[in-house]
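Scroll down for the structure; my scribbles are underneath it.
The values are calculated or read from the model by the stated rules, or taken from the named source; none is laboratory data. Predicted model only: the values in this text are computed from it and were never measured. Counting neighbours? That spans all protein chains shown, and the Cβs are built from the backbone with ideal geometry, glycine included. Quick note on the areas: whole protein, heavy atoms, side chains included, nothing else; ligands and nucleic acids left out. Shrake-Rupley method; radii C 1.70, N 1.55, O 1.52, S 1.80 Å.
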Amino acid sequence: MQNSNNLKKVHRAQHVSLTRKALTALSVMALTVILGWTVWTLPPFSDRMPDLVAAHLSISGVENPVTAVLLNFRGYDTLLEIGVLLLAAVGVLSLAPTSVLSAETAPAQVQILLLRLLPFIVIVGAYLLWIGKYAPGGAFQAGAVLAAGGVLLVTSVVRFNHITIKSVPIGLSIGLLTFLAVALATMIAGGNFLQYPLPWASALILVIEAAATISIAVILTILFIGRKPDG
Amino acid sequence: MDDRQQKTDEFKTLVDFETKFNKMTISLLYALIGVVLLGMGLYRLVIDPHLVKKILALNISGAGVFLFLVAVADRIPGAAPDPVPHAMVLTGIVVAVSATAVALALACRIQEIKGTAELSENEPE
């Protein structure tokens, strides 16, 4: 019964596919060729954006142009991005599987790896967060590294205590909340939304990034396991 | 002595020219590879009925777009790369990861309810 069903499915799939495949291939190839030709004929100059960033770097509070764009000039994007992350975590948690996969015995290698790596993961994460001011690095890189530690934690047999489980929602939202708080504070202080006063810019960016790092680490870990961590 | 100096100068211009040329060609090559990846991903996204493969295909297209943006930002020899597209890619990667996670969670749920994560052609569900 199932076999014949499968056969029918395969037959139907083959039947439908041919024209569809050809059409799709043609349109995708046309798009690729048009895009490729556009890339090929791009003028060898850029618009004024790099100059603009370079000219205003001194008032951004940081020395790394990418961080300046992310946290200052286009801070709005990053604020919304952390919002998207939080939304994704809420979405995944609300779709959590009904049958919980229980990891009763994690392999011994994972536990050894965890013990050896966790201190270094924390140090590297903190370093990446700090160096983002001067060089490539920042909240997202640091958060991703810490999330690797989080994934190791939840895949080993570590049982979280009650307080840790309770603080997961705080960890999820602290990045967005801090970002919003700073944005509103700058408005109350007389500036625009997310317009940092110059003497405070550096410190405010670091505070936002530190909170964002925690949130990103927690959110990425939750996205990986797809449910609340076991208590 | 003069002869040697002249030869060093010639060598220097040659190296300079080659690095400039290489930077332009290499970033162009990366940008074109990005475009090809985008096309490959789009094709699979439309053709493949399996949800997980669709999600993978979408990620390959996304990687193509990121590669394109990063390559195009660093085309000018002797100049620092444009930080704006780099910041965009950084934002994009994070959004792509979270979107993939939600999509996978949805696919898991569909698998749980329907018994398969494959879209069927004609059956109205």
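Ignoring ligands, DNA and RNA and using a 1.4 Å probe, state the total buried accessible area between A and B in Å², rounded to the nearest 100.
3400 Å²
Using a 10 angstrom cutoff on alpha carbons, build the Gaussian network for chain B and name the most mobile of B:Gly115, B:Gly39, B:Gly62.
B:Gly115
What residues of region B:80-108 lose no less than 30 Å² of accessible area with every protein chain in place versus their chain by itself (probe 1.4 Å, heavy atoms only)?
By number: B:Asp82, B:Pro83, B:Val84, B:Ala87, B:Leu90, B:Thr91, B:Val94, B:Val95, B:Ser98, B:Ala101, B:Val102, B:Ala105.
Taking only protein heavy atoms and a 1.4 Å probe, what accessible area per residue, in Å², does the protein assembly as shown have with all protein chains in place?
With all protein chains present, the protein assembly as shown gives 60 Å² per residue.
Take every Cα-Cα distance within region A:108-218, group them into 10 Å bins from 0 onward, and report for each bin the whole-number percent of pairs it holds.
Result, from short to long distances: 14, 37, 31, 13, 5, 0 percent.
Would you pull out the residues with amide H under 5 Å of B:His50's amide H, same chain only if 5 or more places away, H placed 1.01 Å from N?
When sequence neighbours closer than 5 places are left aside, the close amide H contacts are B:Leu119.
Across 5 Å bins from the origin, how do the percents of Cα pairs in region B:30-125 run, short distances first?
3, 14, 17, 18, 16, 11, 8, 6, 4, 2, 1, 0
Restricting attention to region A:106-211, which trypsin sites (Lys or Arg not before Pro) occupy a DSSP loop and are surrounded by at most 14 other Cβ atoms within 10 Å?
Those that pass, being in a loop and sparsely packed, are A:Arg159.
On alpha carbon coordinates alone, what is the Rg over Rh value for the protein assembly as shown, Rh being the Kirkwood radius?
Rg/Rh for the protein assembly as shown comes to 1.05.
Towards the positive end of the charge dipole of chain B, with charges on Cβ (+1 Lys, Arg; -1 Asp, Glu), say which of B:Ile55, B:Ala99, B:Ala79 has the farthest Cα.
It is B:Ala99.
Compute the projected area of the convex hull of the Cα atoms of region B:68-119, averaged over all viewing directions, and report it in nm² to one decimal place.
Here the figure is 4.5 nm², rounded to one decimal.
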